[in-house]
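For reference, the structure discussed in these notes is given below.
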Amino acid sequence: MRVQPKTDPLKKVLIISYYWPPSGGAGVQRWLKFAKYLPEFGYQPIIYTPENPEFPVIDESLLKDVPREVEVIRQPIWEPYGWYRQFLGQKDKKIGAGFVSEKKEPSLLNTISVWVRGNFFIPDARKFWVKPSVQFLSNYLSENKVDVVVSTGPPHSMHLIALELKKRHNIKWIADFRDPWTNIDFYQELMLTSWADKRYRALEREVLTTADKVLTIGYTMSQEMEALGATDVETVTNGFDEDDFPSAEPKLDNEFSISHIGTFSPSRNHPIFWKALAELKNENLDFAKNFKLRTVGVVDHNVASSIKDAGLQENWERIDYVSHSEVLNFQLSSKVLLVSINNTPNSKGILPGKFFEYLASGRPILAIGPKDSDIGAVLDKTKAGVVIERDDLEGMKQAVMQLYLGTQQFQRNEKEIVKFSRRGLTGQLVNVIQERS
């Protein structure tokens, strides 16, 4: 049954989220957009978030999406990043984007810090916020009625706050996973002892089996959560917000631009794809003159080295972090949008948030990774692009050349694409909330 927007007094959803504007980046988008549209469906979002968090990037432009109905509760948090920076001799440096090194190979101090992070900060460096948050929110819930509590991770310590609230107050709880926990792509890089690994998995299982509902962003991830013990799992993907796109569409690039938007981590590096582009340059003078590779966001040192080693340096336009509105302009002006699916065991279940904005942009999508992935399934339904296996050199060259020559035309299925609008997805979320109301 489709949920219709309501005019009755708003019910209340308490959302425990580390990321909230002015935080930029991918982590903030999902619940910012849900919060934006929840009032249309009869729910007031109450955001519980840190007062003094360590954000890698700031994006003030996202504040426009915060609805007037929202209540934001901020409480102080202590994080060990000051100690971390002193240890590395980088006192004034911001925290980085996950396991991405922009300038050099990880040092011995970096390796030690990762080991400490993995084995002592379980489940993550925000663990010290759990106890004071439980105490604060317990008092809040004693005085304020809410209809449902949502925790969203990573960081997965947010789930531990909700877990304790569930035990104390028997509230209805939805645990939302924007990324996996022990199945995340860098889990093996944490250099865990057997004790730490058992601790991570025990906490994960307790959350999955205690929450009234487990929410994920992808179909494969939902299956993985069920395999780990979750009994009530729902997939509500990320999506795109029509309001974000400019009314006047930017002009298409003159060059044949292939653009990758977002963090380019080591696991997303596919040297065979760079080789394919290099061979096309050598084989086709016209392509060599007109081709541009654009990256928007942090690029790992290993990815940068692979691009340069392939001889693509002169074709590479490298752009650091920009605001979300600027990102959309790059998406709309690019000739082709690149999705580089992680070369990790969980690759089939990866559905990055930017992918859905790619869909809405109308530009052709070229994905490198498993065809039998969640991205492959969505592209098969939407007819918005193509997936090429990461070891298929000739397939890559053929796909790129067809896009360059205009001989590959995708008959987009707009009825399927519109299913990923943020407003429509919020309706799905409300259906999930109401299942056990």
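None of the figures in this text is laboratory data; all of them are computed from the coordinates on show. Owing to the predicted nature of the structure, the values given are computational and were not obtained by experimental measurement. Ideal geometry is used to build each Cβ from the backbone, glycine not excepted, and the neighbour counts take in all protein chains shown.
Here are the numbers for this structure:
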read-out: Chain lengthening between Glu435 and Asp147 when straightened (0.36 nm per residue, less Cα-Cα); value: 102.5 nm
read-out: Dipole-positive endmost among Gly311, Phe177, Phe287 within the chain (Cβ charges, Cα centre); value: Phe177
read-out: Cα-based radius of gyration of the range 242-419 once divided by 2.2 N^0.38 Å, which approximates compact folds; value: 0.96
read-out: Ordering of 300-311, 335-346, 406-417 by packing [mean C-beta count within 10 Å, highest first]; value: 335-346, 300-311, 406-417
read-out: Extension reserve of the Thr231-Leu108 stretch, reckoned as 0.36 nm per residue once the Cα distance is removed; value: 40.1 nm
read-out: Dipole magnitude of the chain, debye to nearest 20 (Cβ charges: Lys/Arg +1, Asp/Glu -1, about Cα centre); value: 720
read-out: Residue among Arg390, Arg117, Arg168 with the largest mean-square fluctuation in a Gaussian network model of the chain, springs linking Cα atoms under 10 Å; value: Arg168
read-out: For peptides 41-49, 247-255, sequence by mean Cβ density within 10 Å, most packed first; value: 41-49, 247-255
read-out: Net charge over other residues, Cβ less than 13 angstrom from the Cβ of Pro123 (K, R count +1; D, E count -1); value: +2
read-out: Top positive-direction residue, dipole computed over the chain with Cβ charges, set Trp274, Phe136, Ala399; value: Phe136
read-out: Hydrodynamic radius of the chain per Kirkwood, over alpha carbon pairs, in Å; value: 22.8
read-out: Sum of side-chain charges, Tyr187 neighbourhood, beta-carbon under 14 Å (Lys, Arg +1; Asp, Glu -1); value: -3
read-out: Karplus (6.51, -1.76, 1.60) ³J(HN,Hα), θ = phi - 60°, over the range 381-397, in Hz, Gly and Pro reported as x; value: 6, 8, 6, 9, x, 9, 10, 10, 4, 5, 10, 9, 4, 5, x, 5, 4
read-out: Folded to 0 to 90 degrees: helix 194-210 orientation relative to the chain principal axis, Cα; value: 70
read-out: R0 of 51 Å, Cβ-Cβ distance Leu393-His169: FRET efficiency to nearest 0.05; value: 0.35
read-out: Simple label model, 7 Å out from Cα along Cβ direction - Glu51 to Asn282, nm; value: 6.1
read-out: Fewest-first ranking of Leu285, Leu141, Leu379, using other Cβ atoms within 10 Å as the exposure measure; value: Leu285, Leu141, Leu379
read-out: Highest-fluctuation residue, Ile375, Ile388, Ile58 considered, GNM on the chain with Cα pairs under 10 Å; value: Ile58
read-out: Distance between modelled label sites at Asn290 and Ser61, nm, 7 Å Cα→Cβ extension; value: 2.9
read-out: R0 of 45 Å, Cβ-Cβ distance Tyr140-Ala202: FRET efficiency to nearest 0.05; value: 0.95
read-out: Net charge dipole size for the range 242-419 [Lys, Arg +1 and Asp, Glu -1 on Cβ; Debye, nearest 20]; value: 160
read-out: Label-point separation in nm, Glu249 to Gln75, each point 7 Å along Cα→Cβ; value: 4.7
